[in-house]
1. Under 6 Å by Cβ, and 6 or more places apart or on different chains, what pairs join a residue from the stretch 3-16 that is at negative phi and of a type in the set (Ser, Thr, Tyr) with one that is in a helix (DSSP H, G or I) and open to solvent by less than 60 Å² (accessible area, probe 1.4 Å)?
2. Give the residues of the stretch 64-94 that are aliphatic (A, V, I, L, M) and in contact (Cβ under 8 Å) with a residue 24 or more places away in the chain, sorted by residue number.
3. Out of the helices (runs of 4 or more DSSP H) lying entirely within the stretch 1-110, which hold 1 or more residues that are among the polar types (S, T, N, Q)?
4. Identify the single condition in (1) within 26 Å of ARG129 (Cα to Cα); (2) of a type in the set (A, V, I, L, M, F, W, C); (3) surrounded by 13 or more Cβ atoms within 10 Å (Cβ to Cβ) that MET1 does not satisfy, given that it satisfies every other one.
5. Applying the selection to the stretch 17-26, what residues are free of Cβ contacts under 8 Å to residues at least 40 places away in the same chain and open to solvent by less than 10 Å² (accessible area, probe 1.4 Å)?
6. Here are some residues: LEU61, LEU29. Which one is over 12 Å from the mean Cα position of the chain (by Cα), closer than 22 Å to PRO117 by Cβ and crowded, with 18+ Cβ neighbours inside 10 Å?
Amino acid sequence: MAAAWLHDIGYAPKVGDTRFHPVDGARYLRDHGWPGEIVNLVAHDSGARYEAAERGMSDALAEFPCQDGPVMDALVTADLTTGPGGERLTYDERISEILRRYSPEHPVHRTWTKAAPILRASVERTESRVSARSA
């Protein structure tokens, strides 16, 4: 839950110095004593490894171990089924919304174009887990 609330903290002007919000947020949280699990989840939030590659930031992201698994899937799902204003969106609506905001030349647009199928799988795994627990 904490990682979901904090996953975009790196966008805050007083937090960011690299202008790559997953790394900035993770460094900030680490430097302020947050648990490693939360720090690493924030660092590797939705598609961060793909955007890091687009921006030449893979080495900076490598400071933080990636924690793939159900918790990361849940964080990705929370991020990619919620709009910028907190509204509930489908995964497809959210990806479309992101792609509309950035031109095809922008690293974010290129990232989401490449990462979309992988992130869709995270959302589908989470939805399957929730369905199985509800049955």
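The values are calculated or read from the model by the stated rules, or taken from the named source; none is laboratory data. Model, not experiment: these values are computed from the prediction. Positions of Cβ are generated from backbone atoms using ideal geometry, with glycine treated the same way; all protein chains shown enter the neighbour counts. Calculation scope for accessible area: heavy atoms of the full protein, side chains included, ligands and nucleic acids excluded. Shrake-Rupley method; radii C 1.70, N 1.55, O 1.52, S 1.80 Å.
1. So the pair list comes out as TYR11/HIS21.
2. The answer is VAL71, MET72, ALA74, LEU75, VAL76, ALA78, LEU80.
3. The helices (runs of 4 or more DSSP H) meeting that bar are 36-43, 58-61, 70-80, 91-101.
4. Of (1) within 26 Å of ARG129 (Cα to Cα); (2) of a type in the set (A, V, I, L, M, F, W, C); (3) surrounded by 13 or more Cβ atoms within 10 Å (Cβ to Cβ), only one is false for MET1: (3).
5. Correct list: PRO22, ASP24, GLY25, ALA26.
6. LEU61
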